[in-house]
Amino acid sequence: MRPVALAAFIFLTATFMLAAQNTDKAKKRFEKGRAAYLQFTLKELNRSAGHYEKALKEDSLYVPALAGLAQSLSLIGYETEKSGKPAGDYFIRALRYGEKAVATDSNSAHARRALAQAYMNADPGKYGEKAYNQLVEALSLDTTQAETFYLLWMHTKNDDP
């Protein structure tokens, strides 16, 4: 093996090993983030995003933290726009983390739901069909997630009796 190829191999192997080495710490950070997220205030959404980012520093492939960060950023963007301010890059980042969560584990209902939520908040007209498809896939993976049913209800005609 050439020295450059060997160095690249060692670097990539070390990077992969480091990415998955602190799952327990990532899980604890995720749980703190989730508790903050469920308060649904702008202050707590920002706190949750911080916890999820710290979880990803512990394990960059921890799907619950990727999905959680997508959800938090999506709602921060939504709430920011609702207050009359520009959302900045919140939606772009939410989409990126949601897509990474699904790419990392396509069998995660949480990842699918997070990506759908990012689609819905970023631009429902542009991403409506993609959001719907992610929600349907999330339900096919786990029918016990009330959040997924709620998002599907929000996405469809929910005012019909």
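The values are calculated or read from the model by the stated rules, or taken from the named source; none is laboratory data. Just so we're clear, the structure is a prediction, and the values are computed from it rather than from any experiment. Cβ placement follows ideal geometry from the backbone for every residue including glycine, while neighbour counts extend to all protein chains displayed.
Among residues of region 131-161 being assigned to a loop (DSSP other than H, G, I, E, B) and closer than 14 Å to Ala114 by Cβ, the one that is modelled with the lowest pLDDT is Gln145. Reported count of residues in region 108-159, each being touching a residue at least 24 places away in the same chain (Cβ under 8 Å) and under 14 Å from the mean Cα position of the chain (by Cα), is 20. All told, Tyr97 meets the bar of being under 18 Å from Glu137 (Cβ atoms) and among the aromatic types (Phe, Trp, Tyr). What do you reckon, is Asp89 in contact (Cβ under 8 Å) with a residue 40 or more places away in the chain, of a type in the set (D, E, K, R) and surrounded by fewer than 24 Cβ atoms within 10 Å (Cβ to Cβ)? When the stated conditions are applied, Asp89 does not pass them.
In this structure, does Gly128 turn out to be in a helix (DSSP H, G or I), of a type in the set (Gly, Ala, Ser) and closer than 29 Å to Asn22 by Cβ? First the steps, then the outcome.
Numbers: in a helix (DSSP H, G or I): yes; of a type in the set (Gly, Ala, Ser): yes; closer than 29 Å to Asn22 by Cβ: no.
Criteria not met by Gly128.
Between Gly33, Gly68, which is modelled with pLDDT of 95 or more and out of contact with any Asp or Glu (no Cβ under 9 Å at 6 or more places or on another chain)?
Values: Gly33 fails: out of contact with any Asp or Glu (no Cβ under 9 Å at 6 or more places or on another chain).
When all the criteria are applied, what remains is Gly68.
Does region 41-94 hold any residues that are of a type in the set (S, T, N, Q) and either within 13 Å of the chain's Cα centre (by Cα) or under 24 Å from Ser106 (Cβ atoms) (or both), and which are they?
First pass over region 41-94, keeping only residues of a type in the set (S, T, N, Q): 41, 46, 48, 60, 71-72, 74, 80, 83.
Residues satisfying the conditions are Ser48, Ser60, Gln71, Ser72, Ser74.
When Ala103 is tested against (1) closer than 19 Å to Ala65 by Cβ; (2) touching a residue at least 12 places away in the same chain (Cβ under 8 Å), exactly one condition is not met: (2). Of all residues in region 73-90, which are among the hydroxyl-bearing types (Ser, Thr, Tyr) and not in a helix (DSSP H, G or I)? Matches in region 73-90: Ser83 only.
Scanning for something in a helix (DSSP H, G or I), among the aromatic types (Phe, Trp, Tyr) and under 21 Å from Arg47 (Cα atoms), does region 91-108 turn up at least one residue?
Looking for residues that are in a helix (DSSP H, G or I), among the aromatic types (Phe, Trp, Tyr) and under 21 Å from Arg47 (Cα atoms), one finds at least one in region 91-108, hence yes.
Among the residues making up region 91-114, those that are more than 19 Å from Leu151 (Cα to Cα) and of a type outside the set (Gly, Ala, Ser) are Ile92, Arg93, Arg96, Lys100, Thr104, Asp105.
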